[in-house]
Every structure is written in C-alpha cells, then in structure tokens.
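Following: one structure in structure tokens, then a few remarks.
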Amino acid sequence: MTRKMLGTAAAAWAALLLAGCASSPVTTTIVVPDSLKVADTQTLSLEVKATGVQIYQCAVAKADATQFEWRFVAPEADLFDNAGEKIGKHYAGPTWESTDGSKVVGALQAHSDAPEAGAIPWLLLNAKSTDGIGVFGLTKSIQRLQTSGGNAPADGCDQAQLGKEVRVPYKAIYRFYSAKP
C-alpha cells in the first residue's frame with residue numbers, strides 16, 4: 001500500500017470512529033440499582049445534568065391534623081448537556097422540556113434511597129405523555145440518578161410557618177430512554 005492510500009484509510013477510519021462516538025450519548029458511570037433499571041427493549045437516548053431546587057411548602061400533616069410537615073410542591077431546574085450547554089428545564093408534572101420544544105411528563109415507577117446522605121431518592125419514571133419531535137419526543141423511561149441535596153428541611157415547619165415555601169438546592173443526572181430501533 002502506498003503512503004497516500006494508508007493516510008486516506010486512516011482518515012476514513014478516524015471519521016467512522018468519530019461518527020460512532022457522536023451518535024452515542026456520553027454517559028457518566030453510575031451503578032444503578034436493579035429496581036431502577038429500564039426494560040431491555042429500551043436504549044439510552046440522552047443524559048443531562050440538572051441544577052436547581054426542590055420546592056416544599058409547610059402544610060398540615062396528612063397523617064395527623066395536629067402536626068405540620070414540609071410537603072413537596074415541585075422541582076425547578078435547568079438541564080445541561082455533557083458540554084455544559086443549557087438544553088432545557090425541569091418543572092412540575094414532573095415535566096422535562098427541551099429548548100427544541102419537545103416535552104416529556106413522567107409517572108413514578110420505582111425509587112431507591114440515594115447513596116449520599118441528605119440527597120433526594122433516585123427514581124425510575126415511565127413517560128406518561130410526550131409532545132414534539134425533539135430530544136424528549138420519543139422518551140419511554142426516565143431515571144433520576146446521582147442526586148445531591150434536595151431533601152425537605154428536617155425541622156422548622158409549625159403553625160407559625162404554615163404556607164411558607166422553601167427552595168432546597170439539588171443536583172441530579174437524568175437519563176432518558178427510548179425504544180430500541
């Protein structure tokens with residue numbers, strides 16, 4: 001083989017390798033509990049990092065009307081791709097909305113205590129509904145993993161605080177799965 005042919009072959013091989021890498025989502029290595037694993041018929045389509053707050057409101061306890069508790073209201077977070085670019089937001093529903101206009105609303109399937117003390121649980125959600133043809137349009141399942149922070153305050157909810165909202169910072173990784181082709 002001539003040197004020119006070898007150079008062309010090497011360039012073609014590098015282009016194929018890069019194309020393969022570009023089509024696969026970059027993921028963070030996380031040991032996922034069996035209870036939070038998705039069906040074998042699904043494949044990872046997107047991984048995002050979320051930074052935001054979990055919103056709680058002081059309310060009368062459901063189990064005892066003479067007590068008070070912090071009750072979860074909604075998440076509020078920005079979503080970032082692995083390059084650090086903002087690609088969407090996460091809010092009540094729970095809903096994930098991309099800057100491309102697509103959305104997915106999740107329904108809780110399973111949860112697992114977070115390995116990090118004081119962090120909100122890890123979750124597996126099914127897509128209850130989707131909208132749009134962008135990155136969230138074909139979502140079947142969502143995982144919330146590697147959480148940090150976000151738990152309701154341990155105290156401070158009493159009759160004097162009734163109706164007060166608190167915004168607790170949190171971070172998480174969300175993985176979105178679609179049907180295998």
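Please state which one of A50, A61, A12, A65 is among the small types (G, A, S) and at pLDDT below 90.
On the way: A50 fails: at pLDDT below 90; A61 fails: at pLDDT below 90; A65 fails: at pLDDT below 90.
Selected residue: A12, the only one of A50, A61, A12, A65 that is among the small types (G, A, S) and at pLDDT below 90.
Restricting V166, V135 to residues that are among the hydrophobic types (A, V, I, L, M, F, W, C), at pLDDT 95 or above, farther than 25 Å from I30 by Cα and out of contact with any Lys or Arg (no Cβ under 7 Å at 6 or more places or on another chain) narrows the list to V166.
Of all the residues that make up the range 91-125, how many are assigned to a strand (DSSP E or B) and under 22 Å from C58 (Cα atoms)?
Going through the range 91-125 one residue at a time, the tally reaches 2.
Regarding A65, is this residue within 18 Å of K140 (Cβ to Cβ) and not in a strand (DSSP E or B)? Please lay out each step first, then the result.
On the way: within 18 Å of K140 (Cβ to Cβ): no; not in a strand (DSSP E or B): yes.
Criteria not met by A65.
Across the range 78-117, the qualifying residues are those that are touching a residue at least 12 places away in the same chain (Cβ under 8 Å) and of a type in the set (S, T, N, Q), and the one among them that is farthest from I133 (Cα to Cα) is S112. Got a number for residues in the range 44-70 being surrounded by 15 or more Cβ atoms within 10 Å (Cβ to Cβ) and either without any contact (Cβ under 8 Å) to a residue 24 or more places away in the chain or over 30 Å from D155 (Cα atoms) (or both)? Adding up the residues that qualify gives 5.
Can you confirm whether W96 is over 16 Å from the mean Cα position of the chain (by Cα), crowded, with 19+ Cβ neighbours inside 10 Å and either at negative phi or not β-branched (V, I, T) (or both)? Taking the combined requirement at face value, the residue does not satisfy it.
The lone criterion from (1) in contact with a Ser or Thr (Cβ under 8 Å, 6 or more places away or on another chain); (2) at pLDDT below 95 left unmet by D155 is number (1).
Looking at V38, is it in a loop (DSSP other than H, G, I, E, B) and surrounded by 18 or more Cβ atoms within 10 Å (Cβ to Cβ)?
Working: in a loop (DSSP other than H, G, I, E, B): yes; surrounded by 18 or more Cβ atoms within 10 Å (Cβ to Cβ): yes.
Against the criterion (in a loop (DSSP other than H, G, I, E, B) and surrounded by 18 or more Cβ atoms within 10 Å (Cβ to Cβ)), V38 qualifies.
For the range 131-181, a residue qualifies if it is of a type in the set (D, E, K, R), closer than 30 Å to T41 by Cβ and assigned to a loop (DSSP other than H, G, I, E, B), and exactly one does: K180.
The values are calculated or read from the model by the stated rules, or taken from the named source; none is laboratory data. Note that the structure is a prediction, hence the values are computed from the model and not measured. As a convention, Cβ positions derive from the backbone with ideal geometry for all residues, glycine included, and neighbour counts pool all protein chains shown.
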